[in-house]
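Read the structure below first, then the notes.
Values quoted throughout were computed directly from the atomic coordinates according to the rules given, and no laboratory measurement underlies them. The model shown is predicted, which means the values in this text are computed figures rather than measured ones. When we count neighbours, we look across all protein chains shown, and the Cβ atoms used for this are built from the backbone with ideal geometry, even at glycine.
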Amino acid sequence: MPLRLLPSALVDRIAAGEVVERPAAALKEIVENAIDAGARRIEIVIDGGGRRLLRVTDDGAGMDADELALAVERHATSKLDDEDLLAIATLGFRGEALASIGAVARLSIASRPAGNGEAYEIRVEGGVKTPVRPAALGPGTRVEVRDLFFATPARLKFLKSERAETMAAVDAVRRLALARPDIGFTLVTDDKVPATWPARGPDAAGRRARIADVLGHEVARNALDIEGLREGARLTGLAGLPTYSKANSLSQYLFVNGRPVRDKVLIGAIRAAYSDLLPSDRHPVTVLFLDLDPREVDVNVHPAKTELRFRDPGLIRALIVRTLTDALTAGVPRTASTGADRLAQLARPEGWRPQGAPDGPRGSYDWSRSWAAPGDGAVPPGGVREAPARFDFGSIAGEGAMAGGVASLALGLALAPSADARADAAPAAPDLLERPLGAARAQLHETYIIAQTRDGVVVVDQHAAHERIVYERLKAAMERDGLARQMLLVPLVVELDPAEAGRLAERAEALERFGLVIEPFGPGALLVREVPALLGEADIPALVRELAEYAAEWDDALPLERRLLHVAATMACHGSVRAGRRLRVEEMNALLREMETTPNAGQCNHGRPTFITLALADIERLFARR
């Protein structure tokens, strides 16, 4: 086939396929134009997933008749003062996007510059332009896209459902709204109530308020402010608590010089910062803003400009990891807060009454008798008063594992307590009530420590908490001067699957760094000669068997540091206080004090919370006192 030039209309449609892959991409380009035009208010309307209608109205710097005619030409822009493509300070090129959209849809643009008494409009349908004509419009610009991809019907077959396309378009707007809290947004989708996000301040408080507007107050409550600076690159934003995690990375909002991106370097750095705090199947919630010299980043490596290329990716990675790590390990340990919606689910169902309570007003029955402690005559010897109500705790455990601690507390009170757990079992020292984790008052089911603070209650999972403490001790000892080892009086033989025994024996040198000295002992067995002194009376055979099971995952692609930390986490789990062990009040308070000074004490090595906090106001809402 001989060489030939393609028709200009076909060239435009091919180019449009690179920029306008779906309605969300077209909407993103149009809203970015409005932002670059200096808009203070932007209104977006989406209908039919964006296929029937996309309308963006802004109050930014408009265009006169001559500029409007140029705006729909390919490679026309007002966003480059010269030909330097390495110093791009705007979000996109107006002419490029609008020309592409006009090639595959029915495009209408009306605009009026501020201070100009006349507005003008131009239309483009399938690449065919109409002359500019007068229109009625206030200062600003209105871009309307109808029948997207009518000129390329084959593209319509590859679009998802209207609902999915609407969600993608809304997500694009949400990311742009997060990037510019100083701009007010109104979003209308189909027949739903419009979402309005008022303009906020450009400072950290304004960003946090916009994050609460767009993502919800729960995200803002469960995130830490971060700020870091390294060689001219500045990182700010919010980093979610490890115990407030998601099943995917869609809740990671990343911005580079105000541009929403999905970059592998940034996502990898976030994963590295949280790797010691979250299991591999959980992802943190983050809203991060990276600002650096535009010459240090190339935004033109992808048509949609969502992927970047940094001049010094190592610098950016180090900045993110260090800033996030410092924020997550600083100060008093925190876990995800218990939202009012979860508290409402824990409240008693309407009409619930204790067993034996007569019908009639609440005031006519002594409710306290149903919750009396053993020995008060309310519970038969050796028995437990049956709780007539059953709570569905499984429905509230998805977003944050802290709900499990609340469930255990409630079940401990309503079902079979392992011991008398009255609040006066352990008198609280007044000075301890002022501590972040309070004073230990009781232990439920030999697993959960109940502590009292000045304005609330703290429920601690003793095994999870001590597991993190032991883990941090192991890491600190290894970094400082190595782990102290304890030689076994009689070497211990652990029988394993021959393949697992072989794999673990190959890693004996790495394990020795943690004080675990092993050597082969015939086929399918290992001889343990020394163990870390920090583990105390741990179940060494169980520890060796678990390490052997995971040894197959420690391939050469996994960094040595990560493999060693996995070993430390496994050892910490086996060397910590187990659930089911009864603790004295002094031991419980000692554990609370050590948690307050241990890095990352808000979650165990598996990413689960070590404690939950219930404010007195939250408890009062549970019992309809508020």
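Using 7 Å Cα-to-Cβ label points, what is the residue 581/residue 52 separation (nm, one decimal)?
Reported label-point gap for residue 581 and residue 52 is 6.5 nm.
How high is the relative contact order of the range 8-197, in percent, with contacts defined as C-alpha pairs under 8 Å that are six or more residues apart? Walk me through the intermediate numbers first.
Numbers: 412 pairs, mean separation 54.7, N = 190.
Taking the mean separation of contacting Cα pairs over the length of the range 8-197, I get 29 percent.
Take the Cβ-Cβ distance between residue 434 and residue 3 as r, set R0 to 60 Å, and report the resulting FRET efficiency rounded to the nearest 0.05. Intermediate results must be reported in sequence, preceding the final value.
Working: r = 82 Å, r/R0 = 1.37.
With R0 = 60 Å, the Cβ-Cβ based efficiency is 0.15.
What nm value, rounded to one decimal, do you get for the distance between residue 203 and residue 493 when each label is placed 7 Å out toward the C-beta?
7.2
Along the Cα→Cβ direction, 7 angstrom out, place labels at residue 76 and residue 224. What is the inter-label distance in nm?
Distance between label points: 5.1 nm.
Please report how far the C-alpha centroid of the range 151-185 lies from that of the range 608-625, rounded to the nearest whole angstrom.
38
Once the piece of chain linking residue 622 and residue 281 is laid out straight, how much longer is it, given 0.36 nm per residue of separation minus the C-alpha distance between them?
Details: separation 341, 0.36 × 341 = 122.76 nm, distance 3.25 nm.
The span from residue 622 to residue 281 would gain 119.5 nm if fully extended.
List 466, 606, 445 from most exposed to least, where exposure is judged by having the fewest other Cβ atoms within 10 Å.
On the way: 466 24, 606 15, 445 18.
Exposure proxy ranking, most exposed first: 606, 445, 466.
On a full-extension model of 0.36 nm per residue, what is the gain between residue 186 and residue 249, subtracting their alpha-carbon distance, rounded to one decimal in nm? Numbers along the way, then the final one.
Working: separation 63, 0.36 × 63 = 22.68 nm, distance 2.60 nm.
Extending this stretch completely gives an extra 20.1 nm.
For residue 133 and residue 21, what is the calculated FRET efficiency with R₀ set at 25 Å and r taken between the beta-carbons, to the nearest 0.05?
Working: r = 31 Å, r/R0 = 1.25.
After rounding to 0.05, the efficiency reads 0.20.
Hey, fewest Cβ within 10 Å first, where do 286, 610, 597 land in order? Don't skip to the end; give the middle numbers.
Working: 286 24, 610 28, 597 11.
Going from least to most buried by this count: 597, 286, 610.
Let a ≥ b ≥ c be the square roots of the eigenvalues of the Cα gyration tensor of the range 251-290; is it rounded (a/c under 1.5), or, if not, prolate (a/b larger than b/c) or oblate?
On the way: a/c = 2.51, a/b = 2.14, b/c = 1.17.
Because a/c hits 1.5 or more and a/b exceeds b/c, the range 251-290 counts as prolate.
For the pairs 129/157; 157/246; 28/160, note any where the Cα-Cα span goes beyond 24 Å.
Over 24 Å Cα-Cα: 129/157; 157/246.
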